[in-house]
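Novice: Below are the structure tokens for one structure; questions will follow.
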There are 4 protein chains.
Amino acid sequence: MTFHCVLYVGLEERSMAAVLRGSRYIVGRCCRNVDFASVSTRSMASKTQVGFVGLGNMGNPMAKNLLKHGYPVIATDVFPESCKELQELGAQIVDNPAEVADKADRIITMLPSSPNVIDVYTGPNGILKKVKKGSLLIDSSTIDPAVSKDMAAAAEKTGAVFMDAPVSGGVGAASSGKLTFMVGGAEEEFTAAKELLSCMGANVVYCGQVGTGQAAKICNNMLLAIGMIGTSETMNLGVRLGLDPKLLAKILNMSSGRCWSSDTYNPVPGVMEGVPSGNNYQGGFGTQLMAKDLGLAQNTATNTKTPVPLGSLAHQIYRMMCARGYANKDFSSVFQFLREEEGQ
Amino acid sequence: MTFHCVLYVGLEERSMAAVLRGSRYIVGRCCRNVDFASVSTRSMASKTQVGFVGLGNMGNPMAKNLLKHGYPVIATDVFPESCKELQELGAQIVDNPAEVADKADRIITMLPSSPNVIDVYTGPNGILKKVKKGSLLIDSSTIDPAVSKDMAAAAEKTGAVFMDAPVSGGVGAASSGKLTFMVGGAEEEFTAAKELLSCMGANVVYCGQVGTGQAAKICNNMLLAIGMIGTSETMNLGVRLGLDPKLLAKILNMSSGRCWSSDTYNPVPGVMEGVPSGNNYQGGFGTQLMAKDLGLAQNTATNTKTPVPLGSLAHQIYRMMCARGYANKDFSSVFQFLREEEGQ
Amino acid sequence: MTFHCVLYVGLEERSMAAVLRGSRYIVGRCCRNVDFASVSTRSMASKTQVGFVGLGNMGNPMAKNLLKHGYPVIATDVFPESCKELQELGAQIVDNPAEVADKADRIITMLPSSPNVIDVYTGPNGILKKVKKGSLLIDSSTIDPAVSKDMAAAAEKTGAVFMDAPVSGGVGAASSGKLTFMVGGAEEEFTAAKELLSCMGANVVYCGQVGTGQAAKICNNMLLAIGMIGTSETMNLGVRLGLDPKLLAKILNMSSGRCWSSDTYNPVPGVMEGVPSGNNYQGGFGTQLMAKDLGLAQNTATNTKTPVPLGSLAHQIYRMMCARGYANKDFSSVFQFLREEEGQ
Amino acid sequence: MTFHCVLYVGLEERSMAAVLRGSRYIVGRCCRNVDFASVSTRSMASKTQVGFVGLGNMGNPMAKNLLKHGYPVIATDVFPESCKELQELGAQIVDNPAEVADKADRIITMLPSSPNVIDVYTGPNGILKKVKKGSLLIDSSTIDPAVSKDMAAAAEKTGAVFMDAPVSGGVGAASSGKLTFMVGGAEEEFTAAKELLSCMGANVVYCGQVGTGQAAKICNNMLLAIGMIGTSETMNLGVRLGLDPKLLAKILNMSSGRCWSSDTYNPVPGVMEGVPSGNNYQGGFGTQLMAKDLGLAQNTATNTKTPVPLGSLAHQIYRMMCARGYANKDFSSVFQFLREEEGQ
């Protein structure tokens, strides 16, 4: 290890890694040795600056965890006030993504939606305006996989590497560094990505080519929504038919009806402890966010001409809930939405 | 205990139990001692004849398991040929349900649908025509819980006790005695029912008042159908988005999308072994049977004015599959139904 | 004609008709002459007493229209106060349906749901307890066609004829005698039924065998619900996309999107005058009633194994609306339900 | 007319109009006089060349109708063979859209989908590369209204005017010049657009700002799909309940279930003549095309967060049909899809 360091003295290590990685585009699948070198370099490089764009509810604790692991962080956000806390913790704050790219060759982005990602990467002050050749760009936003592919193609033109790495787990998991990252992109870059992502998450899963991280995230959340609504309907029906909700949950969980929403996050108040249904559906994963993810699932399904009848109806139900005042409640509040109002 | 036993010597034990149980209707909630006695009696009575009505694919192996456990069985079926095998194994075959009731005071029925149950209990040659006071009638058919309640009310008028005890698990579980029974009815009769049902099943779960066994069964299968269709849509979408199906299943199963259909009975050929998807959807639980159970779920939901949007759409999808040639395939073939036809 | 009349002089005409009709069961399809006679008789008989069971919001104005057309009415209702107004107008009020049947050989029933119909016909004080041979029993309730068939079979055993004749049109049409009747039953009885129904309705349509009146009603209302929800979704989407609602309605109505809900009963406030959407969805046809009819449609579809995916989802949407406070609003309020809440 | 011509001699008339139109951007709402002039100019200009891009099944007969009305046509298509027929009829064929824009200042485009439109307008050989200031660009493709808005914004930067004008009516209506055009864009340009569109259509409807033509088209087709599936379900259910299909159609059509699919394009073979259901669902409007339009509706609904539960399910049903071999049948074949297969 020391040996390698000596070798690269005088070079900005990460740039070396970038050069090496850059060569991959030429050597193609024969790059095993190069990658080995590049991996070595990265270990050395690991405490150089990491860029972070997007310091919202999720991005903020994620960036903090990078600081906690000893990485110098250089960050930006469209809302300057979002940057204060991180700045006090020692991060360097710059004006826009292009400046981040000017100073860091590993950058993580965490943004609300596809248009933001497009702007942060390809906009007038976007990352790609000043990105260094060989940089590693990791987008943890949950967006349309087609946009991830577009960003990867645009990045490739500048000699940078783009990976999609959306997360599962909410603000709590972001704070405690327990997120799950689903990563799409060139397999030989996965180790480099994992080094950073491991500071922020407990699981880092390689999913395949660019966009498959998003695909995995979207697929999981679509099935999650279906399972949650299904569990809510089922529990509601069972209670109306005279079953005790705890007993019904127990029966389902030992039978073929079992799912995460029935055994880990039951939507019926009183069945489980420590879940939003026990706290008037406060906290957790908001209905609005679920509706957004289901919109992505619907869009990818439409664009690939894939029938998703239940996923589609789940989307519509969460959409109706948003229109009826449930936008900020946990998505398990669909139980409440389907249940009869008091006094009826 | 011994004391009670002595008291009843010389009586046909089950009849005595029947007398005692009969008295329950008078003494109401003060019957604890009586029930205690009745339980003792039943232990003694346990190897007296057990009636069985309905020797189809499920009923036949169930009745065999009773024989295997040493119970004399007296049985009947509308199709005489269905009775032959059981007769050769030592069961007594009679002409109709009334005759079964004439000779046995514990009877199990296993029938295809509500009208059959109504006929077997209340028809001209039905059980209730000759049922003895105090008899225990256990219906393991999957039917509308409202019909179970009707049968229980009709049985009560004759002094008999009716319980619903539908099963989960298919023909294999029936043969190996590994069914799960979900039992609804008077709690003080549960021990007596369990004695018999344990010969045929690995789990016997008490669910509550009459009809709740059916309710639990219907609820489980509705959620199962939703989970299966949801898993199929999700796997299909993921594959179209470039994910490897085995990897996607693995990701879902470690995440919040996890459900029985994704981790135990995956509908995508090649993801798991030993499930119908690996065998061209032969065997397993037929689409037609799932459509029937979803029809029951829909009926109970309609009758109780409970919204079940996904359950309802799941019903419609299985109904469309039946109309398009999938009636006899395993219900996980919905993956195939949603997937694009070859050559498209 | 005259000839026949002479023949029957001195007989209570309707009874004679009843005898003749009774004979139909014997002579079968050779009864043309007899029916001809029977028609004559009925013309003569037309001002004999007509029974009426069920004086609710619909039944009350219907019975009044019979009085208005000169028919002596003998009526009953489970709520005695419902009978007062009709009594003051000259109707004879009796205690129960059996007494109505004792005194009138043409009876119309108008009841809320299947169980009421079953009770009024076959209950301990039901019509069939005292019905005269040859009586004509017309049920205008909206119920399951299978129940209509059961009632027809039960009536036939007593020598009476049962027809189903559900209505479309609400309280207003009932008051003004402008209902539409969809009639199912023996075709040779249709003329007799029409004579009475014409006093209460503007259209009397023969649909086929017993139960087809209900079938036509249910089918129409299912398609109506689908069209109404579809129109509401479409108008809402169009407005969000920048279209003026009146212009959009005009475009739809000259194009293939046209339907009754878009061109006659538009759900968007301000698009049309004189419809419930212009009056905060007061009046009209209540969401709860639509949910009931869709429940019937769902039940008949389930029982006949017919896929009705949109009808099924329409049912679920109206069911959710009932659970969220829309039960008593006009069914076009689905536009309001789908639209974003104020302040969102 | 001649008088005006003299006035403008020496000017390329359309350019003059363009100048005048260009001034609109400055004078804003005070441009009435200018518009009047511009209209005059257009009348004069009307027999100058009209560009046409996209000579598929629809574009080909549309362009022919322009020729028939005396307009010189300059056209292009990615498939050279598509141009032959038009060339023989006298049209000038050029290599790409940019060349069309180089020679004509009124251009109509008729393309399969959004990406084609983006390419034809903004691609390397796109219209906007050589478009003249003041040109009128009319896109009759059915695409996402958001793309129409993007194209309009891009055109505006070059000083050209873009309008969306999707059609309803199929190949037959295109041939006979009986299409309906739904037009979105600046109102003061509508007269100019109408002049050309009237050669190809019987109805030209102004819908509002850019994108509202698409919105109207999408809304209509979504409601059409809902009505068609609803009619198919309803007719199928009615027939199973014993109703004659012609009679049921008649009853629906005089009642509140009435819609275009029931009274003009009934999906049940034998109910009407001259519709695809009478011809094994050949011809008409293909299921695949309907699925495409529903995908657009779904996308716009998702992007505007509008709940469209039935529209969404209709999309899924047409998607499933495409996957099951119905892609090229008329969209009324959903009746066949929902109906039980023969031999079941």
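Novice: Counting only other chains, what is the mean number of Cβ atoms within 10 angstrom of the Cβ of each residue in peptide A:177-186? It would help to have the intermediate numbers written out before the result.
Specialist: Details: counts 0, 0, 0, 4, 0, 3, 0, 3, 0, 0.
Neighbouring Cβ atoms belonging to other protein chains average 1 per residue here.
Novice: A further question on this structure: If eta is 1.567 mPa s and T is 4 °C, what Stokes-Einstein diffusion coefficient results for the stretch C:216-341, Kirkwood Rh from Cα pairs, in µm²/s? Mind dumping the intermediate values first?
Specialist: Values: Rh = 14.6 Å.
D, rounded to a whole number, is 88 µm²/s.
Novice: To the nearest 500 deg cm²/dmol, what mean residue ellipticity at 222 nm is calculated for chain B from DSSP H runs of n ≥ 4 alone, each contributing -39,500 (n - 2.57), summed and divided by the residues?
Specialist: Numbers: 17 runs with 177 residues, N = 344.
After summing the helix terms and dividing by residue count, I get -15500 deg cm²/dmol.
Novice: Hey, which aspartates and glutamates would be in cross-link range of D:LYS129, C-alpha to C-alpha under 15 Å, not counting anything within fewer than 8 residues on its own chain?
Specialist: Cα-Cα hits under 15 Å: D:ASP95, D:GLU99, D:ASP102, D:ASP105, D:ASP119, D:GLU156.
Novice: Roughly what angle does helix D:32-45 make with the longest principal axis of chain D, taking Cα atoms, 0 to 90 degrees, to the nearest 10?
Specialist: The helix D:32-45 is inclined about 90 degrees to chain D.
Novice: I need D:TYR206, C:TYR121 ordered by Cβ neighbour count within 10 Å, fewest first.
Specialist: On the way: D:TYR206 20, C:TYR121 28.
If I rank by nearby Cβ atoms, fewest first, I get D:TYR206, C:TYR121.
Novice: Okay, next question. Mind checking the angle between helix B:287-303 and chain B's longest principal axis? C-alpha axes, 0 to 90 degrees, to the nearest 10.
Specialist: The angle comes out at about 70 degrees.
Novice: Which pairs in the list B:LYS64/B:LYS329; A:LYS64/A:LYS133; A:LYS68/A:LYS194 are over 22 Å apart, alpha-carbon to alpha-carbon?
Specialist: Working: B:LYS64/B:LYS329 27 Å; A:LYS64/A:LYS133 27 Å; A:LYS68/A:LYS194 16 Å.
As for pairs spanning more than 22 Å Cα to Cα, those are B:LYS64/B:LYS329; A:LYS64/A:LYS133.
Novice: How well do other chains shield peptide D:206-219, expressed as the mean number of their Cβ atoms within 10 Å of each residue Cβ? Don't skip to the end; give the middle numbers.
Specialist: Numbers: counts 1, 8, 6, 3, 1, 3, 8, 1, 1, 9, 11, 3, 4, 15.
Average per residue, whole number: 5.
Novice: Mind checking which lysines have their Cα closer than 21 Å to the Cα of C:LYS130? Skip sequence neighbours fewer than 8 apart in that chain.
Specialist: Cα-Cα hits under 21 Å: C:LYS103, C:LYS149, C:LYS157.
Novice: So, one more: Given the C-alpha atoms of the stretch A:110-204, compute the convex hull and give its volume per residue in Å³. Could the numbers behind the result be given before it?
Specialist: Numbers: hull volume 8.7 nm³, N = 95.
With only Cα atoms used, the stretch A:110-204 gives 92 Å³ per residue.
Novice: Taking the Cβ-Cβ separation of A:GLU187 and B:GLU273 as r and a Förster radius of 35 Å, what is the calculated FRET efficiency to the nearest 0.05? Could you put the intermediate results ahead of the total?
Specialist: Details: r = 27 Å, r/R0 = 0.77.
E(calc), rounded to 0.05, equals 0.85.
Novice: If contacts are Cα pairs under 8 angstrom and at least 6 residues apart, what is the relative contact order of chain C in percent?
Specialist: Numbers: 622 pairs, mean separation 39.2, N = 344.
Over chain C, the number comes to 11 percent.
Novice: Now a separate question. Per residue of the stretch D:72-83, what does 6.51 cos²θ - 1.76 cosθ + 1.60 with θ = phi - 60° give for ³J(HN,Hα)? Whole Hz please, x for Gly and Pro, Karplus curve as stated.
Specialist: 3J(HN,Hα) across the stretch D:72-83, in whole Hz: x, 10, 10, 9, 8, 7, 5, 9, x, 5, 5, 8.
Novice: Shifting gears a bit: For the stretch A:153-221 and the stretch B:185-216, what is the centre-to-centre distance using only Cα atoms, to the nearest Å?
Specialist: 49
Novice: Could you tell me whether the stretch A:49-209 comes out rounded, prolate or oblate from its Cα gyration tensor? Rule is a ≥ b ≥ c as square roots of the eigenvalues, rounded for a/c under 1.5, then prolate if a/b exceeds b/c, otherwise oblate. Could you put the intermediate results ahead of the total?
Specialist: Details: a/c = 1.43, a/b = 1.08, b/c = 1.33.
Cα axes put the stretch A:49-209 in the rounded bin.
Novice: Can you give me the long-range amide H partners of A:GLY134? Hydrogens built in the peptide plane at 1.01 Å from N, cutoff under 5 Å, separation of 5 or more residues or another chain.
Specialist: A:ALA160, A:VAL161
Novice: Between D:LYS133 and C:ALA153, what is the spin-label point distance in nm, taking each point 7 Å from the Cα along the Cα→C-beta axis?
Specialist: Label at D:LYS133, label at C:ALA153, 8.5 nm between them.
Novice: Here's a follow-up. R0 = 25 Å: FRET efficiency of A:ALA202 with A:MET254, Cβ-based, nearest 0.05? Walk me through the numbers on the way to the answer.
Specialist: Details: r = 28 Å, r/R0 = 1.12.
The value I calculate is 0.35.
Novice: Round to the nearest 0.05 the FRET efficiency obtained for D:THR48 and A:ASN125 when R0 = 60 Å and r is the Cβ-Cβ distance.
Specialist: Numbers: r = 45 Å, r/R0 = 0.75.
Plugging the Cβ-Cβ distance into 1/(1 + (r/R0)^6) gives 0.85.
Novice: Something else: Classify the protein assembly as shown as rounded, prolate or oblate from the Cα gyration tensor: take a ≥ b ≥ c as the square roots of its eigenvalues, call it rounded if a/c is under 1.5, otherwise prolate when a/b beats b/c and oblate if not. Don't skip to the end; give the middle numbers.
Specialist: Details: a/c = 2.43, a/b = 1.30, b/c = 1.87.
Oblate is the answer for the protein assembly as shown, as a/c is 1.5 or above yet b/c matches or exceeds a/b.
Novice: Can you list, shortest first and in nm, the gaps between the label point of D:PRO80 and those of its counterparts in the other copies, using a point 7 Å from Cα in the C-beta direction?
Specialist: For D:PRO80, the other copies' label points sit at 6.1, 8.3, 9.7 nm, shortest first.
Novice: Which ³J(HN,Hα) values in Hz, rounded to whole numbers, follow from the phi angles of the stretch D:111-122 under the Karplus curve 6.51 cos²θ - 1.76 cosθ + 1.60, where θ = phi - 60° and Gly and Pro get x?
Specialist: 10, x, 7, 3, x, 5, 5, 4, 5, 5, 8, 10
Novice: OK, next. What share of all Cα pairs of chain B, in percent, falls into each consecutive 10 Å distance bin?
Specialist: With 10 Å bins starting at 0, P(r) equals 6, 24, 30, 21, 13, 6, 1, 0.
Novice: In what sequence do A:SER333, C:SER262, D:SER113, B:SER148 fall when counting other Cβ within 10 Å, fewest first? Numbers along the way, then the final one.
Specialist: Details: A:SER333 24, C:SER262 32, D:SER113 15, B:SER148 28.
Fewest-to-most ranking of A:SER333, C:SER262, D:SER113, B:SER148: D:SER113, A:SER333, B:SER148, C:SER262.
Novice: Give the chain C residue with the shortest beta-carbon distance to the rotation axis relating chain C to chain D, plus that distance as a whole number of Å.
Specialist: C:CYS259, 2
Novice: Could you give each residue of the stretch A:91-100 its phi-based ³J(HN,Hα) in whole Hz, using Karplus coefficients 6.51, -1.76, 1.60 with θ = phi - 60°, and x for Gly or Pro?
Specialist: Couplings: 6, 8, 9, 10, 6, 7, x, 4, 5, 4 Hz.
Novice: Normalising by the residue count of the stretch A:222-262, find the relative contact order in percent from Cα pairs under 8 Å and 6+ residues apart.
Specialist: On the way: 21 pairs, mean separation 19.5, N = 41.
Over the stretch A:222-262, the number comes to 48 percent.
Novice: Angle, helix B:13-27 long axis vs. longest principal axis of chain B, Cα atoms, 0 to 90°, nearest 10?
Specialist: In chain B, helix B:13-27 runs at an angle near 80 degrees to the longest axis.
Novice: Where in chain A is the longest stretch that carries no GluC sites (Glu not before Pro) classed as loop by DSSP and with at most 13 other Cβ atoms within 10 Å?
Specialist: With GluC sites (Glu not before Pro) excluded where exposed in loops, chain A gives A:13-272 as its longest stretch.
Novice: Taking the beta-carbon count within 10 Å as an exposure proxy, list C:MET62, D:MET222 from fewest neighbours to most.
Specialist: Working: C:MET62 25, D:MET222 30.
Result, fewest neighbours first: C:MET62, D:MET222.
Novice: Let me ask you something else. Give the average, rounded to an integer, of partner chain Cβ atoms located within 10 angstrom of each Cβ in C:291-304. List each step's numbers first, then the result.
Specialist: Working: counts 3, 2, 0, 1, 6, 1, 5, 8, 5, 4, 10, 12, 4, 6.
Other-chain Cβ atoms within 10 Å of each residue's Cβ, averaged: 5.
Novice: Here's another thing I want to ask about it. Residues in the stretch C:125-141 near a label at C:LYS103, defined as backbone nitrogen under 19 Å from the 7 Å Cα→Cβ point?
Specialist: The answer is C:125-133, C:135-138.
Novice: Here's a follow-up. What is the set of long-range amide H partners of D:ILE93 at a cut-off below 5 Å, with H atoms built 1.01 Å from backbone N?
Specialist: Sorted by chain and number, the residues that satisfy this are D:ALA75.
Coordinate-derived values only; no laboratory data. Quick caveat: nothing in here was measured; it's all calculated off a predicted structure. All Cβ positions, glycine included, derive from the backbone under ideal geometry; neighbour counts span all protein chains shown.
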